[in-house]
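The values are calculated or read from the model by the stated rules, or taken from the named source; none is laboratory data. Owing to the predicted nature of the structure, the values given are computational and were not obtained by experimental measurement. Glycine also receives a Cβ, built like all others from the backbone with ideal geometry; neighbour counts cover every protein chain displayed.
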Amino acid sequence: MLLKGKKGLIFGVANEHSLAWHIAREAYAQGAEMLFSVASDRFLRKVEPLAAKLGSPKPIICDVSTDEAIADAFVEIREQMPEIDFVVHAIATAKREDLQGRFVDTSRDGFNLAHDVSTYSFLAICREAEPFLRPGASLLTLTYLGAVRAVPSYNVMGVAKASLESSVRYLANDFGPQGVRVNAISAGPVRTLSASVVKGFKDKVDIQQVAAPLRRNVTGEDVGKAGLFLLSDMASGVTGEILYVDCGYNIMADFITRDGS
Ligand code: NAP
């Protein structure tokens, strides 16, 4: 029971395929109590029964694109969870048209939206959570290889993820003196609602299957277990890190030889 007695917030469950859901399931199995937050009423109907399965109350609604909404959410959170041991931030968005074609064609609006919702929201949430964090708390976000490599179609989201990864390091420095850790998981491609919007997503999954050292796709469960590690005291000395959970795909250079080996 690695998380027995620990309480945490989960931002970014849309359905049972969401990476945040996989992390929450692993955390629950190890004794954690959680409060979920969803962007809008639209997903409340879907997420409320999922939350109930893990013994969690009705999710809080918080569209992270405004500071007011985040502050309001934390008023509710404080009532239900006055002390916090972990936060999972699994939120990202971009305009559909910016996840295909050329990066150079990204509009100012599209650039700002991707950075605001996918990156700034992490620091805004960390800041609001700060007064309630217990020593040893763990703050976790989700990123992707497109932060450090040019992945076709990932475009502006890759640039936002680069900013998110850098934010992880700065936040780790800010929170470290309080004994609070900040990390990210860089997950390989997993079929989820948001992933399906990236043009050519299926190709990325197919390539990973043959090119990753483990010769398979990463699963939600793989991500969930790595999340559990980073949230738990098993990772007590780990902060400011980007942990790749991608079956090793990121270490490869030349993926496929002529004979297919
Ligand atoms: P997902 O199930 O679609 O989750 C994305 C979540 O972001 C949804 O719950 C969505 O809520 C939320 N969100 C978007 N805009 C929001 C806003 N303004 N306010 C609050 N919440 C908002 O997809 P996922 O793949 O699990 O994504 C989770 C994280 O993992 C993302 O950061 C993603 O970039 C990252 N990641 C995913 C993969 C992958 O292959 N799936 C790989 C690496 C990293 P609504 O649906 O209600 O808008």
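Right, residue 153: over 16 Å from the mean Cα position of the chain (by Cα) and polar (S, T, N, Q) or not?
Criteria met by residue 153.
Only one residue in 131, 152 is surrounded by fewer than 19 Cβ atoms within 10 Å (Cβ to Cβ) and either modelled with pLDDT under 95 or touching a Cys at 6+ places or on another chain (Cβ under 8 Å) (or both), so which one is that?
152
Just to be sure before I move on: is residue 185 touching a Gly at 6+ places or on another chain (Cβ under 8 Å) and modelled with pLDDT of 95 or more in the structure I sent?
Judged against the criteria, residue 185 is a match.
Would you mind telling me which numbered condition in (1) more than 14 Å from the ligand (Cβ to nearest atom); (2) of a type in the set (Ser, Thr, Tyr); (3) in contact with a Lys or Arg (Cβ under 6 Å, 6 or more places away or on another chain); (4) under 24 Å from residue 252 (Cα atoms) residue 138 fails?
The failed condition is (4).
What residue, of 242, 207, is of a type outside the set (Asp, Glu), under 14 Å from the mean Cα position of the chain (by Cα), surrounded by fewer than 23 Cβ atoms within 10 Å (Cβ to Cβ) and more than 23 Å from residue 31 (Cβ to Cβ)?
Residue meeting the stated conditions: 242.
Inspect segment 116-134 for any residue being part of a loop (DSSP other than H, G, I, E, B) and free of Cβ contacts under 8 Å to residues at least 60 places away in the same chain and give the result as yes or no.
Within segment 116-134 (the criterion being part of a loop (DSSP other than H, G, I, E, B) and free of Cβ contacts under 8 Å to residues at least 60 places away in the same chain), the answer is no, since none of the residues qualifies.
(1) free of Cβ contacts under 8 Å to residues at least 40 places away in the same chain; (2) under 25 Å from residue 199 (Cβ atoms); (3) over 16 Å from the mean Cα position of the chain (by Cα): which one isn't true of residue 162, the others all being true?
With respect to (1) free of Cβ contacts under 8 Å to residues at least 40 places away in the same chain; (2) under 25 Å from residue 199 (Cβ atoms); (3) over 16 Å from the mean Cα position of the chain (by Cα), residue 162 is out only on (3).
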